[in-house]
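Just passing along the structure, written as structure tokens.
The values are calculated or read from the model by the stated rules, or taken from the named source; none is laboratory data. Bear in mind that the values here come from a model prediction, so they are computed numbers and not experimental data. With ideal geometry, Cβ positions are generated from the backbone for all residues, glycine too; neighbour counts draw on all protein chains shown. Remember, those area values only see protein heavy atoms, side chains included, never the ligands or the DNA or RNA. Shrake-Rupley method; radii C 1.70, N 1.55, O 1.52, S 1.80 Å.
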Amino acid sequence: MTEATPRSPGTPCWVSLMVHGLDATQEFYNALFDWEFVPGPQQLGPYVRALLGGKEVAGIGQLPPDRHLRIAWTPYLATEDADETAESIRCCGGTVAVGPLDAGEAGRLAICSDPAGAVFGVWQAEAHHGTVIAGPPGTPVWNELLTYETSSIGKFYRTVFGYEVEPVVSADHDYATLHVAGAPVASLHGVGNALPRDRGPHWMTYFEVADTDAAAGLVQELGGQVLRPPREGTAGRLALVADPEGAVFTLVRSAER
């Protein structure tokens, strides 16, 4: 188990979801992950923070009725200066869609996309450092970028955030790990034309569960979908699922559990 402290630049520090039905989404994740909710910063509209055992793990906000954006979990990457990072993103071929702007006393944020179009957030912490725990069931434990290829996109993330990018040498897979101060913090997976046409390049959040099969079954009972049934992988037992509004995420019972 890890607990939140000020994060080194580039470290994923928070995940957030913007939906149309905030109350129904809270009911879904309460039943699935046992999350409870408290109000968060309201600068971008209604927003709640999810708590697990009283500790913050994620955020969920409500979209305006006229905003028809893709519903997706979005990882936030830590920075010491959101404005400087936003400018670097622009200079390296990315896009800054929102901000940088202040989220009350919690910190400063920007919503951006990389040159291939994958959306991510940037977070400059003040009072709020991000996810407080990672490891127990119901917590986000990993983030992976699914993209066309890792070489050029890896250069973008390395330039903007200072990652050490370590490719996995394989004739069958295009895969790389992002490291901060020698520790792996996220991964890049190039899948070429296997990307879903309706989604394109995107970041994927993995949530720890005690039992992947049971959690996948519960997703269906609660009105979500199982997109890829439970299977064994190098990280553990995995299932690809979507919540009732279509936000896609991975359930994982980590191999070391």
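Of the residues that make up the stretch 35-43, is at least one open to solvent by 70 Å² or more (accessible area, probe 1.4 Å), in contact with a Leu (Cβ under 8 Å, 6 or more places away or on another chain), part of a strand (DSSP E or B) and not hydroxyl-bearing (S, T, Y)?
Checked the stretch 35-43: at least one residue is open to solvent by 70 Å² or more (accessible area, probe 1.4 Å), in contact with a Leu (Cβ under 8 Å, 6 or more places away or on another chain), part of a strand (DSSP E or B) and not hydroxyl-bearing (S, T, Y).
Can you tell me which condition A127 does not meet? The list is (1) of a type in the set (G, A, S); (2) modelled with pLDDT of 95 or more; (3) surrounded by fewer than 16 Cβ atoms within 10 Å (Cβ to Cβ), and all the others hold.
Exception for A127: condition (2).
For residues in the stretch 168-203 being acidic (D, E) and exposed (fewer than 15 other Cβ atoms within 10 Å of the Cβ), which is nearest to the chain's Cα centre (by Cα)?
D198
Same structure again: Can you find, within the stretch 204-257, the residue that is surrounded by the fewest Cβ atoms within 10 Å (Cβ to Cβ) among those that are assigned to a helix (DSSP H, G or I) and free of Cβ contacts under 8 Å to residues at least 24 places away in the same chain?
E221
Restricted to the stretch 49-73, and to residues that are open to solvent by less than 20 Å² (accessible area, probe 1.4 Å) and part of a strand (DSSP E or B), which residue is farthest from Y206 (Cα to Cα)?
Top of the filtered list is G61.
Let me ask you something else. F28 fails exactly one of the following numbered conditions: (1) closer than 23 Å to T212 by Cα; (2) part of a loop (DSSP other than H, G, I, E, B). What is the number of that condition?
(2)
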